[in-house]
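The structure under discussion appears below in the form of structure tokens.
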Amino acid sequence: MNPLRPDPARDGGPPGGQAPGRPGRPTVGPIPDGDGEPDTGRDGGAGRDLDRGVYGISVAAELVGMGVQTLRLYEARGLLEPGRTAGGTRRYSENDLERLRRIGALLGAGLNIAGIAMVLGLEQENAELRADRYPDAVRDRRRP
């Protein structure tokens, strides 16, 4: 046993809202958006910009269940383009997290990176065509 690391079994679990085994680091979770419920990003963004990069790469990787290097690989292959701070740090938005989850689902379905790039491109093109053809339907879908 390492005396410098807390033992959740001995200590009764992580101390007040901290991530297990990571002293001083808060548990990651959705941020409330003012309606009394955590904002999962699925309410059309009422109270929060879904394109605004708020998560660092390690938090984003943890939230979607992928490795940090995997996120870097997807960016290098053009599957994802997270925002950057003035200093160059990656910042992932709720939309980026949804895209990463979609990439994971496509990988699970057996597609390779090239196939995923094609599918994501076609999905984006389809969404743009729908928005051009049915602008009211797209706008109505975003309302809570």
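FYI, it's all coordinate maths here, none of it is from the lab. Since the structure is predicted, the reported quantities are computational estimates derived from the model, not experimental observations.
What to note about this one:
- Contour minus Cα-Cα distance for Asp51 and Thr70 (0.36 nm per residue): 4.8 nm
- Counted residue by residue at 0.36 nm each, then reduced by the alpha carbon distance between them, the extension gain from Arg84 to Asp136 reaches 15.5 nm.
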